[in-house]
Amino acid sequence: MPANDSERVLIAGAGPVGLFAAIRLTGFGIPVTVVERNTNVGDDIRASTFHPPSLEMMEPYGITEQMVAAGEVVPEWQIRMHVTGEKVLFDLGRIADLTPYPFRLQFEQSSLCILLDRMLREEPLAEVIYGTELIGAEQDGGGVTVQARSGSEERTFIGKFLIAADGGASTVRGLLDIPFDGSMYPERTVLVTTPFPFADHIEGLSGVSYCWHETGNFALLKLPSRWRASLYFPESLSVDEVLSDDYLQEQLLEICPNSDRFEILDKREYRVHQRIVPGYNHGRILLAGDAAHLNSPTGGMGLNGGLHDAHNLTEKLNDIWHGGDLGLLDLYSRQRHPVAKNQIIEQADQNRKRMTEKSLEKRREHFAALQAIAADDDKCRAFLRRSSMIEGLELASRIT
Ligand SMILES: Cc1cc2nc3c(=O)[nH]c(=O)nc-3n(C[C@H](O)[C@H](O)[C@H](O)COP(=O)(O)OP(=O)(O)OC[C@H]3O[C@@H](n4cnc5c(N)ncnc54)[C@H](O)[C@@H]3O)c2cc1C
């Protein structure tokens, strides 16, 4: 397919959001070109939780079926007092009337990208070009022109629209000078994966467990052949200190006594931001996923929110492609922006605040409030609808 055939949608970034947008658009019969700076599909450890609506959105393409077959189905997640073993359980079976997928699916973001990339390789309407960095983007009334660099070669791509799915440090957002207001959280997070079977050693642990321990908090998430621990560290420690093997062994030992050293498969440190752009639509250039919004990962909503952006935006682009009004792009922003701001960022912030609470008394209060929610069917269903991102999508669908 020639790169200068302008009857296409250009996508910056082959992360999960860009690739899912490409799957959706080609499914509608719309050609796409994805340019990705990395030389291959991303394999770093990042998100791992998929909520029911995301699974519903990916179902028509056979993606969900493959993810469920290879992933870890978690029907019940929990918040626990690690020292005493007390826990509050949130059973998604209580909203089984609202979704065919009443569980959280634990599946690596990188595995999803590999799956989507493989599907697009078979798709004649798609080209995904790795090792190619977008460095310029311009638009006029009829379309967009993207400048990209592949090694020492500069290339030009022409399309009708550009989806900026180029992540938290979005080049497109920078080129358009779009503000990305918000803040960075003070703590560092370290993700560690290990084959150590935590559930065999910690009574009643769920596949998604958010835990308070004496001095801080951590999360344990189950993946098919390993566990992933999110550990939080104060700002005072350097990256080298928090990533040192001895220090990580100490932290994991605090979570679970183990006579051997923990086998650490992967580790990475990252900082968390909460930020959002003022609007997602900029003429024929549309922001989606982390390029548009960032949130604390507590609750696993960042990636899911990005997939929901891609789903919404591609529906609008399909309508426009077949004669619909360009004003639909404004509707995309009006529907998705408040969900990111008032549901995803706000909830993730509340989750983070609750889990980073150090006062035992306040933790007890949070715990009691959560117990009261779990004990009341109506309150629990409302809580699950919100935390599973169903409520946000319902609110968005009512915006016209
Ligand atoms: C360590 C970590 C842990 C996380 N854990 C969770 C979690 O548990 N749950 C959750 O929901 N979310 C989590 N997130 C957030 C989640 O990973 C993101 O929300 C998700 O990756 C967003 O997808 P995206 O496609 O928008 O952006 P990205 O995944 O960042 O993809 C953007 C792509 O664009 C490419 N790119 C960038 N600039 C250019 C350019 N100029 N030209 C071409 N290509 C470019 C990048 O190389 C990248 O491949 C985590 C994030 C991190 C960093």
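Computed from the coordinates by the stated procedures, all read-outs in this text should not be read as laboratory data. Since the model is a prediction, treat every value here as computed from it, not as a measurement. Here the Cβ positions follow ideal geometry from the backbone for every residue, glycine too, while neighbour counts run over all protein chains shown.
Of the beta bridges in the chain, as assigned by DSSP with both residues counted there, near 75 percent are antiparallel. Take every Cα pair under 8 Å whose residues are at least 6 apart in sequence, average their separation, divide by the length of the chain, and the relative contact order is 20 percent. Listed by chain and number, the aspartates and glutamates placed with their C-alpha closer than 12 angstrom to that of residue 316 are 325, 330; residues fewer than eight positions away on the same chain are left out.
Each of the peptides 331-337, 183-189 was scored by the mean count of other Cβ atoms within 10 Å over its residues; in descending order, highest first, they stand as 331-337, 183-189. Which lysines does residue 362 reach when only Cα atoms under 30 Å apart count, and residues fewer than 8 places away in its own chain are ignored? Output for residue 362: 87, 222, 341, 353, 379. Here the relative contact order of the range 160-301, from alpha carbon pairs under 8 Å that lie six or more residues apart, stands at 39 percent. All C-alpha to C-alpha distances of the chain, sorted into 10 Å bins beginning at zero, yield P(r) values of 5, 23, 32, 24, 12, 4, 0 percent in whole numbers.
Distance from the C-alpha centroid of the range 139-194 to that of the range 32-46: 12 Å, rounded to the whole angstrom. Here the Kirkwood formula, the inverse mean of 1/r across different C-alpha pairs, assigns the range 185-271 a hydrodynamic radius of 13.2 Å. Computed over the chain with a Gaussian network model linking Cα atoms closer than 10 Å, the most mobile of 235, 315, 72 is 235. Working note: 222 nm ellipticity from helices only, DSSP H runs with n ≥ 4, each -39,500 (n - 2.57), summed and divided by the residues of the chain, gives -10500 deg cm²/dmol to the nearest 500.
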